[in-house]
Structure formats: C-alpha cells, structure tokens
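Have a look at the structure below before the remarks.
Just so it is clear, none of the values below were taken in a lab; they were calculated from the coordinates. Here the structure is a predicted model, which means the values were calculated and not measured. Here Cβ is always computed from backbone atoms with ideal geometry, including for glycine, and neighbour counts include all displayed protein chains.
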Amino acid sequence: MKICAFIGDMYRDYSSELILSIQKCAIERGHSVDVFGNCSVPSENPLHAEGLKKILSLPNYSDYDGIILCSDTLHHAGLNYELLENLTSASDLPPVVSVRAEESGFYSVVPDNRQIMYEISKYVIGKVKSNDIGFVTGRDDLQDSLERLAGFEDAMEEAGYTIRKDMVFHGNYWTDQGPETADFFIKEDGTLPQAIICSNDYMAIALTDELLNRGYSVPRDTLITGVDNLDASSAHVPSITTSDIPETVLGRTAIDCLERINAGEEIDICTTVPGRLIYRESTGDAMSARDIDEMHRRLDAIQRNYYDKTRAFVLLSSDYEDVLSYDACVNYTLKNLDSYGLFNRILLCRYCENDRQMVGFCENSNYSRTYINFPSSRLVPEEYDTSEPGLTI
C-alpha cells in the first residue's frame, strides 16, 4: 500500500512520535509512506504560509491507496482549511483517515477524549471531595478541547457539583500561558483551588512551574493533572498525573483502517482509542522506584534538546548569511540536513513554475550537485523513485 500523510508541527513530541510509529508499522507491513507537512511556522509572513501551503498541494491523491490526515497539527496560518477544501473537492480521492481530530466526510481515529477526561476528573473529585476544582481547556476551535471539557462536566455533574465560569480558564494547548493561568486561579486571599485539571501536559507543566516559581507547592497547595503523558511529565518535579494516549496506537490503528478499507471491509466511520490513567506526584501519588539522580539527568537531557532546537534555528540563519552563491546554498543545505543523522537519502528539489528540478543529492554523506529536470506530476525524478517499504518526508 502507498500512503500519503499530512502532518505538521514535526518538532513537537506528538507529531514526531506519530511519524516514527507510522514509519515502523509501514516497514513491518511492506507499505511506503510519503509525509507532507512542516516543522514550524516561525512567522506570520503570508509569503511563508503560501510556501508551506504549496508543500501540502504537492501530492497527486490518485497516486495513493490511502491518506492519513493530522489536521490539528496544521492549524497555523490556515494551512488545514485549504487542505481540507482540496481534499473534499477532489474527484478521485482514496480513503482518508483523520487522526486525533474528526473531520466531516472522512474516517477518523481519535482518543476517547470525553471518557479520558471523565476518568481523570472523577479521580480528582474523589481526592478533593468538593467542587473547588479549576479546569484549563485547550484551544476553543478544536473538537478534542470541547470533548475534554465535556468529560470534566460529566464527572462534576455525576458528583452533584456545579461548575463556575470563573473556574474555567481557556488555554491554548501550549506552554506560554503559565503566568496568565496562575493569575487566573490565584484567589484574592492568595490561595488556590484544591485542584486544577489541565487539558494537556504542556499546560499542566507550565502552570506547575509558574506556581512553584511563586512559592506555591504542588500537590500541597493544589493538585494538578494533564493529558498525553509527555516524556517531560514523568521526569518533572513533581511528576505530572496524566493519561497516556500512545502515538503508536494511533498510528497503527490508522494504518489498520486503511488496510481493512482497501481489503473491502466496512469499518466504523470513527474509531476511538482509550487512554490509561497514570498516577503521579502532582496529585499526591508516589511514583514507584523514583530515582532522583536519573530524573535530573532526564530533565537535563530534555532541556538540552529544547535548547538545541532553538539554537539550530539561530545558527542556521547565521550560517546562511555566509552563503554567497546558489551552489554554496545547495551544498550547505545538504550538509545541514545530513548532520541530523535521520535520513538515508536526501533529494533537494526546486518547485519551478512549469516543472521541477533536482538540484542536489546526498547519500552516505556524499554530496553531489545535480541538474535533473522532471515533470511537475512527479515528486522526484523517476530514476530516484523507490517503491521500497519506508517513509519519505
């Protein structure tokens, strides 16, 4: 089977782990996967966004046996809206499986967000035995955010508690609202709600860190939970109680669906994946065999990784300032991509007005400048195309 996948935000944990799980499953089962997307959208420059949209318009849908769509990772600059419009208007579209977000008219593989948040909320309610519980939503424009809020509402209603609007903070699923979230929940007398339930780990970690910086203690002053089970949530001090939604399960289930559809089976339009509640220190639960030294090493490695990613952007911009010719630009780009040690082969191609041109090639750290024109109906020159199982970005 030949699969097309649309995945954005590749630098984030979820997207990168999902790509790896799809790659592993594809190789095991003899499939080939072409991934189209972006690592980040570093600016609001409309020309930058237009360039990224062209990446999403590269594939010819009829060349594929199925499509894996991760629209909630392509929300920057409206990338997902144009992609969805192109998919829904295509005349010869293979089956599409949307991962983590339900999209009208397509099959979907999604976490059972409502049940996942219900289970977390029920556990927290059982701990605090009151309605003094805050909630941090995800982005209001995403369906999974609404489902997680509904799960919280289900648990509170079941316990006979009402939810006050001043106890619900509308977040964004990212780490940059820690101070704002803390300000929202700190009461006039300086106390906090007995618990604060966050819609993902990024926001839970950001809030926990901000409260610790202000002299509060978690879980003594408030219990905090997240969702997604990021690597950082187990290494964090305190470790974050969360629900695990493995990307490996999402990726494999998406491929399972495509295999069954192509085999002529009828499947449900929506397949849900359950979560697994993980109890940790942020709700007062001890972690078994907690090795403090190992935890500090993991935290340091995670922090270095984040710093290295940021530093790479700065160095890349600085190094390109010294590139004074087109040939030098091609060589430096190949060298930079090769330095990550992630790719078996690198093909550097220009998106020309009427056709395309392969301008550089790298294999086994050997770089070569090329001048191979090929039709715009192809992604790469025919002689470099391969039908071997694996994944191409």
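Here the spin labels are modelled as points 7 Å beyond Cα on the Cα-Cβ line, and at Ile27 and Glu180 they lie 4.1 nm apart. About its Cα centre, the dipole of the chain is roughly 580 debye, where the only charges are +1 on Lys and Arg Cβ and -1 on Asp and Glu Cβ. Between helix 247-262 and the chain, what is the angle of the helix's C-alpha long axis to the longest principal axis, kept within 0 to 90° and rounded to the nearest 10? Approximately 50 degrees, to the nearest 10. Peptide packing: for 187-193, 173-179, the average count of neighbouring Cβ atoms within 10 Å per residue gives the ranking 173-179, 187-193, highest mean first. Restriction of the GluC sites (Glu not before Pro) in the range 200-286 to DSSP coil positions whose beta-carbon has at most 12 other beta-carbons within 10 angstrom yields Glu265, Glu266.
The angle between the Cα long axis of helix 143-158 and the main principal axis of the chain comes to about 20°, on a 0 to 90 degree scale. The Cβ shell under 10 Å around Asp65 holds other residues with a net charge of -1, Lys and Arg each +1, Asp and Glu each -1. Simple spin-label estimate for Leu324 and Thr272 gives 6.4 nm between the two label positions (7 Å along the Cα-to-Cβ direction from each Cα). Computed over the range 324-386, the P(r) tail beyond 17 angstrom holds 40 percent of alpha carbon pairs. As a proxy for reagent exposure, ranking His76, His236 by other Cβ atoms within 10 Å from fewest up yields His76, His236.
Each residue, Ile393 and Asn373, gets one label point 7 Å from its Cα in the Cβ direction; the gap between the two is 3.1 nm. The slack in the chain from Asp256 to Arg220, taken as 0.36 nm per residue of separation less the alpha-carbon distance, amounts to 8.5 nm. Computed over the chain with a Gaussian network model linking Cα atoms closer than 10 Å, the most mobile of Cys329, Cys39, Cys25 is Cys329. The Cβ shell under 9 Å around Asp228 holds other residues with a net charge of -3, Lys and Arg each +1, Asp and Glu each -1.
Grab the beta carbon distance between Asp355 and Gln115, set R0 = 51 Å, and tell me the FRET efficiency rounded to 0.05. E(calc), rounded to 0.05, equals 0.50. What the Cα atoms of the chain give is an Rg and a Dmax of 23.1, 71 Å. Bridge orientation summary for the chain: considering DSSP beta bridges with both residues in this region, about 35 percent are antiparallel.
Checked against a 23 Å cut-off, the cross-linked pairs Lys127/Lys187; Lys165/Lys187; Lys24/Lys54; Lys2/Lys54; Lys24/Lys335 give Cα-Cα distances beyond that limit for Lys24/Lys54; Lys24/Lys335.
Taking θ as phi - 60° and the Karplus parameters 6.51, -1.76 and 1.60, the scalar couplings of the range 190-198 work out to x, 8, 10, x, 5, 8, 10, 9, 9 Hz in sequence order, x denoting glycine and proline.
Evaluated with a Cβ-only charge set (Lys, Arg +1; Asp, Glu -1), the range 324-386 carries a dipole of roughly 160 debye about its Cα centre, given to the nearest 20. Computed from Cα positions, the angle between helix 46-56 and the longest principal axis of the chain comes to roughly 70 degrees.
Estimated purely from DSSP H runs of n ≥ 4, each contributing -39500 (n - 2.57), the mean residue ellipticity at 222 nm for the chain is -13000 deg cm²/dmol once divided by its residues.
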